[in-house]
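Asker: Starting off with a structure, shown below.
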Amino acid sequence: MYASREDIGYDFGDDSKVGSKPVKPNSNIDGGWAWMIVLSSFLVHILIMGSQMALGILNMEWLEEFNQSRGLTAWVSSLSMGITLIVGPFIGLFISMCGCRKTAIIGGILNALGWILSAYASNVHYLFLTFGVTAGIGSGMVYLPAVVMVGQYFQKRRALAQGLSTTGTGFGAFLMTALLKYLCIEFGWRNAMFIQGAISLNLCVCGALMRPLSHKDIVSERYVLRSNSEDNQAKVLSHSAETIKSNGVLGEEPEKKEAATNEEVLDSVQHIEIGVKSRSERNMYGLRILKTVSQLTVTVRKGFAIWYSSYFGAASLFTNRVFVAFIIWALFAYSSFVIPFIHLPEIVKQYNLSSQNNIFPLTSIIAIVHIFGKVILGIISDLPCISTWNVFLMANFTLVTCILTLPLMQTYISLAVVCALIGFSSGYFSLMPVVTEDLVGTKHLANAYGIIICANGISALFGPPFAGWIYDITHKYDFSFYISGLLYMVGIIFLLIQPCIQKKQPREKSTEEAQV
């Protein structure tokens, strides 16, 4: 989708002759550096999504430290999760202009800064700005490029590649929960956040691994600049030689005057060459600045035009009804998955299951099974006889059933079984980029997926505070699970209805044409 050449999976020649030359796929697609992209995306999911899934540990520390209501305190983690996803469409604009690599590196710095500044928080509202907004924007600037790059580097087995990379969320939730718990016990939550900020700087390394697919344009451009500078130097020297000849400096003179004359001529020639070189260097430097500014202006204008047309133009993504239904589903789906992670520690304490949960936390069960769910669902979806859309819907039905039945479970074993099913069925997250690509095509994948994760972000932003607000009123989380589960079911119904409507419309048109 992006106009930036560094993010396009094919090598292009001269812009004016793109249509006349055959497009050759890059050799790194589906192999080679593509697996390094999967590794980079895997580490991004560990450091970003895994850390956010472990925020239940810090949420309990913040409740004790600041003595605020659960609803207000839950806004910190909700802001971080929500903004990470909500900024998706705007990060798409950054990628169109700067490319995935630069966007991810800048995002890694912002994310680390948010964690470190949060270590000095004096109240919950301070955390809103540092952790919720700053770290959230930084996370979004790394997360979207990580997903998009995997989609660009893979054409075959896309579901498996996305599944392997997004398993980092499960690994991260398991590892970061244990790490943050250990750091909070040993060093306190403030030092834990400072250390986590230092660890988050590794996101810059992950961004550096997001190598652009095409380098031939850059190499050829450098070669042209180098050859131009060499040609200019040659012209300067030839001009100097012609000047010498035209002045008659090399004419025959008496031997006594020849040495002095030659010295004067050489001095004048050196002055001429230095003057010409300095003028040519200044001219070349000015031309390079002018060229860079003009290229940057064109890139920004093209990127913004493509970004704007994708959302608001005649070929807007919103003209696709199934895609609109997919957005409505995303508005309700993500909160149903996030709420258990945020509030499970409190549910465990409410049912006096802390001793058993300390041995093997329920959030860790979700995280571990979540890993296998993503890989297994990805493998199943890549089978030629299986529809990715059907696998996606079945996983959603399983997850919403588990969300609705979770409040009914009051023993550790029953909660563990439901959590395991939640972890496995939530593996459908690895299928979201694949389903999005099937709906809108590869060309529109980045901007379309940006809209989807933006809808997920809105869901994550308001879901946990809503659950906390319900708890403050009823002192139970039951109603928050029931309401979020029912809204989730509404989103699934939209996914079921719209494809049926689209299938009927062509049949109705063909019937009308036959009658005419």
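Asker: Counting pairwise Cα distances across segment 314-504, what percent come out greater than 28 angstrom?
Answerer: Every Cα pair in segment 314-504 considered, those over 28 Å come to 27 percent.
Asker: Could you work out the percent of alpha carbon pairs in segment 111-223 separated by over 25 Å, rounded to a whole number?
Answerer: 38 percent
Asker: So for each of 200-210, 166-176 I average, over its residues, the number of other beta carbons within 10 Å; can you give me the resulting order with the highest mean first?
Answerer: Top to bottom by mean Cβ count within 10 Å: 166-176, 200-210.
Asker: Each residue of segment 445-459 in order: what ³J(HN,Hα) in whole Hz does its phi give by Karplus 6.51 cos²θ - 1.76 cosθ + 1.60, θ = phi - 60°, with x for Gly and Pro?
Answerer: 4, 4, 5, 5, 5, x, 5, 4, 6, 5, 5, 4, x, 4, 5
Asker: I'd like the projected area of segment 77-124, averaged over all directions, using the convex hull of its alpha carbons. Report it in nm² with one decimal.
Answerer: Over every viewing direction, the Cα hull of segment 77-124 projects on average to 3.7 nm².
Asker: How do 160, 317, 487 stack up against each other in accessible area, from largest to smallest, with a 1.4 angstrom probe?
Answerer: The residues order as 487, 160, 317, largest area first.
Asker: Would you mind giving the average projected area, over all directions, of the Cα convex hull of segment 24-103 in nm² with one decimal?
Answerer: 7.3 nm²
Asker: Go through 35-43, 73-81 and give me the packing order, highest mean Cβ count within 10 Å leading.
Answerer: 73-81, 35-43
Asker: Could I ask something else about it? Quick one: accessible surface of residue 182, probe radius 1.4 Å, all protein chains present, in square angstrom to the nearest 10.
Answerer: Counting only protein heavy atoms, residue 182 exposes about 120 Å² to solvent.
Asker: Calculated FRET efficiency, residue 201 and residue 64, Cβ-Cβ r, R0 30 Å, to nearest 0.05?
Answerer: 0.60
Asker: Accessible area of residue 64, 1.4 Å probe, to the nearest 10 Å²?
Answerer: Estimated to the nearest 10 Å², residue 64 gives 130 Å².
Asker: Another question about this same structure. So between residue 376 and residue 497, what do we pick up on full extension, going 0.36 nm a residue minus the alpha carbon distance?
Answerer: Contour length minus the Cα-Cα distance gives 40.8 nm.
Asker: In whole percent, what relative contact order does segment 314-504 give with Cα contacts below 8 Å and a gap of six or more residues?
Answerer: Averaging sequence separation for qualifying contacts and normalising by length gives 41 percent for segment 314-504.
Asker: Using only the heavy atoms of the protein chains and a 1.4 Å probe, how would 95, 137, 473 rank by accessible area, largest first?
Answerer: Heavy-atom accessible area, descending, gives 473, 137, 95.
The values are calculated or read from the model by the stated rules, or taken from the named source; none is laboratory data. Quick caveat, the model's predicted, so the values are computed rather than measured. For neighbour counting, all protein chains shown are included, and Cβ atoms are generated from backbone atoms with ideal geometry for every residue, glycine included. We work out accessible area using only protein heavy atoms, side chains counted, and drop any ligands, DNA or RNA first. Shrake-Rupley method; radii C 1.70, N 1.55, O 1.52, S 1.80 Å.
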